[in-house]
Amino acid sequence: MNCGRLTVIMMVILFSVSTYAANPFLDAPNDQPVSAKFRGTEWSDDIGEQDIPLTARVVTTRMAKMAWGAIFKVEFMDLKSPADKPREIRPDYFIVTDDRIVLLNEEDNDAAAKKISTLDKPPEFEPNDIYCITSASFEHQEGEWKTTIKLKGDLCIYEATQPSGHFKKIVWKKGVGLVEYASGYGAHADGYRLKRVAKG
């Protein structure tokens, strides 16, 4: 093998490593918001023993695209249920690389997203902020919280639980994005579960 051919091969390898390949669980062709209907239930001590219906419109927007990944904002809008007190779900911000989806967990996520979008490589990620992987499996323990991420068919299932009954579950689907989002506190003290409504 001559030196010229070796140089070309090395350049191809370096280029493939540094270029972002879309994550199959969360991607977008542009920065236009994508809206989807979600339906499920909510519960709380104020609501009573029976869960009640809950619907929402989930809007996913790509905020930035970098050479190594992208940043997405997931908003929960138009939440409706028979409850006297309307439920609010804070938006989530995710840093997406070709093999991970990581929660952006800062006091000012908008400012943090703008700063991260200027970086020439992804920041260091905390294990407890990883919300999706594209291969193998993941398990992490932090204090009483235990997190597992598993792949099942075309789904990536994130589950975080605590002995007191607190939990969070997020399910991603290849080529679709977020398909389930659930969170709860205590022994059925407060929480909700939303699932994406399939298009008719």
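The values are calculated or read from the model by the stated rules, or taken from the named source; none is laboratory data. The shown structure was predicted, so the numbers you read here are calculated from the model rather than taken from an experiment. In this analysis, Cβ positions are derived from the backbone assuming ideal geometry, glycine residues included, and neighbour counts consider all displayed protein chains. Protein only, heavy atoms only, side chains kept; ligands, DNA and RNA dropped before computing areas. Shrake-Rupley method; radii C 1.70, N 1.55, O 1.52, S 1.80 Å.
Table for the structure above
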item	result
Cross-chain or 6+ apart pairs with Cβ under 8 Å, segment 121-146 first and more than 24 Å from Gly186 (Cα to Cα) and in contact (Cβ under 8 Å) with a residue 60 or more places away in the chain, then assigned to a strand (DSSP E or B) and open to solvent by 50 Å² or more (accessible area, probe 1.4 Å)	Cys132/Arg100; Thr134/Arg100; Thr134/Leu151
Pro53 vs. criteria out of contact with any Lys or Arg (no Cβ under 6 Å at 6 or more places or on another chain), within 21 Å of Arg193 (Cα to Cα), open to solvent by 20 Å² or more (accessible area, probe 1.4 Å) and not acidic (Asp, Glu)	yes
Residue pairs meeting the criteria (Cβ under 8 Å; at least 6 apart or on separate chains; first farther than 28 Å from Leu26 by Cβ and at pLDDT below 95, in segment 36-54; second among the aliphatic types (A, V, I, L, M) and open to solvent by 30 Å² or more (accessible area, probe 1.4 Å))	Ser44/Ala189; Asp45/Ala189
Failed item, numbered, when Leu104 is tested on (1) open to solvent by 80 Å² or more (accessible area, probe 1.4 Å); (2) within 19 Å of Met66 (Cα to Cα); (3) modelled with pLDDT of 95 or more	(1)
Within segment 1-29, considering residues that are modelled with pLDDT of 95 or more and either more than 19 Å from Arg196 (Cα to Cα) or among the acidic types (Asp, Glu) (or both), the one least open to solvent (accessible area, probe 1.4 Å)	Asn23
Options Ala136, Ala112, Ala70; residue that is small (Gly, Ala, Ser), over 16 Å from the mean Cα position of the chain (by Cα) and either open to solvent by less than 30 Å² (accessible area, probe 1.4 Å) or farther than 19 Å from Ile149 by Cβ (or both)	Ala112
Single condition Arg62 does not satisfy, out of (1) without any contact (Cβ under 8 Å) to a residue 40 or more places away in the chain; (2) basic (Lys, Arg); (3) surrounded by fewer than 16 Cβ atoms within 10 Å (Cβ to Cβ)	(3)
Total residues in segment 160-200, condition farther than 24 Å from Ser35 by Cα and of a type in the set (Asp, Glu)	1
Filter pass, Gly143 being surrounded by fewer than 17 Cβ atoms within 10 Å (Cβ to Cβ) and more than 30 Å from Ala83 (Cα to Cα)	yes
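Results for (1) without any contact (Cβ under 8 Å) to a residue 60 or more places away in the chain; (2) within 20 Å of Pro91 (Cβ to Cβ); (3) surrounded by 15 or more Cβ atoms within 10 Å (Cβ to Cβ), shown as yes or no for each residue.
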site: Lys150; (1), (2), (3): yes, no, no
site: Ser164; (1), (2), (3): yes, no, no
site: Lys168; (1), (2), (3): yes, yes, yes
site: Trp172; (1), (2), (3): no, yes, yes
site: Gly177; (1), (2), (3): no, yes, yes
site: Gly186; (1), (2), (3): yes, no, no
site: Ala189; (1), (2), (3): no, no, no
site: Arg196; (1), (2), (3): no, yes, yes
